[in-house]
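The next block holds one structure in the form of structure tokens; read it before the comments.
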Amino acid sequence: MPTITAFVLILVKSGEEDTVLEELRKMKEVKEARIVYGPWDLICRIEVEHINQLQTFIYELRKIPGVEQTTTLIST
């Protein structure tokens with residue numbers, strides 16, 4: 001079955017970058033996560049099998065303390 005790959009840009013509260021990054025790296029869908037500089041604080045690459053799994057992942061990601069905003073980019 002084809003895998004859906006997406007990149008998620010994440011804005012976090014100031015000083016929460018490392019804490020959120022640790023939590024991201026614990027999530028099975030996350031294949032890579034890094035701190036970045038610019039308008040966004042973190043980026044992660046995720047892989048899921050179904051679009052509904054992507055939706056569930058984003059809901060769970062937004063529950064992480066310190067996460068303020070996300071933007072999801074689905075890759076082809």
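The values are calculated or read from the model by the stated rules, or taken from the named source; none is laboratory data. Just so it is clear, the model here is predicted, and its values are computed rather than measured. So basically every Cβ, Gly included, is an ideal-geometry build from the backbone, and we count neighbours across all protein chains shown.
Do we find a residue being surrounded by fewer than 17 Cβ atoms within 10 Å (Cβ to Cβ), outside any loop (DSSP other than H, G, I, E, B) and in contact (Cβ under 8 Å) with a residue 60 or more places away in the chain anywhere in the stretch 5-19?
Yes: one or more hits.
Considering only the stretch 65-76, state which residues are crowded, with 17+ Cβ neighbours inside 10 Å and part of a loop (DSSP other than H, G, I, E, B).
66
Can you confirm whether the stretch 54-69 contains a residue that is at pLDDT 95 or above, of a type in the set (Asp, Glu) and more than 13 Å from the chain's Cα centre (by Cα)? Break it down stepwise before answering.
The initial filter retains those residues of the stretch 54-69 that are at pLDDT 95 or above, namely 54-69.
Keeping just the survivors that are of a type in the set (Asp, Glu) gives 60, 68.
Filter again for more than 13 Å from the chain's Cα centre (by Cα), leaving none.
Checking the stretch 54-69: not a single residue is at pLDDT 95 or above, of a type in the set (Asp, Glu) and more than 13 Å from the chain's Cα centre (by Cα).
Could you list, in sequence order, the residues of the stretch 30-60 that are surrounded by fewer than 16 Cβ atoms within 10 Å (Cβ to Cβ) and either assigned to a loop (DSSP other than H, G, I, E, B) or among the polar types (S, T, N, Q) (or both)?
36, 37, 38, 39, 49, 50, 52, 53, 55, 56
Just to verify a result, which residue in the stretch 30-53, among those that are over 15 Å from residue 64 (Cα atoms) and aliphatic (A, V, I, L, M), is nearest to the chain's Cα centre (by Cα)? Please lay out each step first, then the result.
Here is the first cut: in the stretch 30-53, the residues over 15 Å from residue 64 (Cα atoms) are 31-32, 34-40, 45-53.
Narrowing further to those that are aliphatic (A, V, I, L, M): 35-36, 46, 48, 51.
Numbers: 35: 11, 36: 13, 46: 7, 48: 12, 51: 15 Å.
It comes out as 46.
In the stretch 20-29, what residues are surrounded by 14 or more Cβ atoms within 10 Å (Cβ to Cβ) and either closer than 16 Å to residue 67 by Cα or more than 11 Å from the chain's Cα centre (by Cα) (or both)?
Result: 20, 21, 23, 24, 27.
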